[in-house]
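The values are calculated or read from the model by the stated rules, or taken from the named source; none is laboratory data. Computed from a predicted structure; not experimentally measured. Here the Cβ is made from the backbone with ideal geometry for all residues, glycine too, and neighbour counts use every protein chain on show. Ligands, DNA and RNA are excluded from the accessible area calculation, which covers all protein heavy atoms including side chains. Shrake-Rupley method; radii C 1.70, N 1.55, O 1.52, S 1.80 Å.
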Amino acid sequence: MSKVFIGVGSNLGDREFLIRKAIEAMRDLPGTTVARVSSLYDTDPVGDVEQPAFLNAVAWLATSLEPRELLWQLLLIEKRMGRVRSQRWGPRPIDLDLLFYGNETRDESDLKIPHPEAHTRAFVLLPLSELDPEFVHPV
């Protein structure tokens, strides 16, 4: 089982309900357990797009899924929950980011681990430190 951290965010609709629904969907993934979930944080959006504030959290998973399979499952959850990727950094009902997958590093066109912006975003770092104060970025 690999120790994985997933960023969870929403800025459309009932944000808290959508985050909880996404976490429940992650609980249903094969070979995966949701170990802990951080508190929810109200945050400003990133980027130049005018949009509502986000509600963010980080989920700590233990999974036997390989990174690419886990990413595919996360994208499927987003799609089932109504996410349409039409605008970079645009508003969305749910956003699931694969932040860290154990100590693994990958730099592929469609899979980057750790998430390239994770270390620059307070809405990742604060909930991550709440879940695992001893966490060390693999890079």
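Computed values, structure above
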read-out: Helix-only mean residue ellipticity at 222 nm for the chain, each DSSP H run of n ≥ 4 adding -39500 (n - 2.57), per residue, nearest 500; value: -8500 deg cm²/dmol
read-out: Heavy-atom accessible surface of the stretch 42-139: percent carbon and sulfur, 1.4 Å; value: 51 percent
read-out: Estimated dipole of the stretch 1-99 in Debye, rounded to 20 [Cβ of Lys and Arg +1, of Asp and Glu -1, Cα centre]; value: 280 debye
read-out: When the convex hull of its Cα atoms is projected in every direction, mean area for the chain (nm²); value: 7.7 nm²
read-out: Residue among 137, 38, 77 farthest towards the positive dipole end of the chain, charges placed on Cβ; value: 77
read-out: Mean separation of Cα contacts under 8 Å (6+ apart) over length of the stretch 1-114, as relative contact order %; value: 38 percent
read-out: Long-range amide H partners of residue 99 with built H, under 5 Å; value: 5, 6, 7
read-out: Residue among 5, 22, 94 farthest towards the positive dipole end of the stretch 1-118, charges placed on Cβ; value: 22
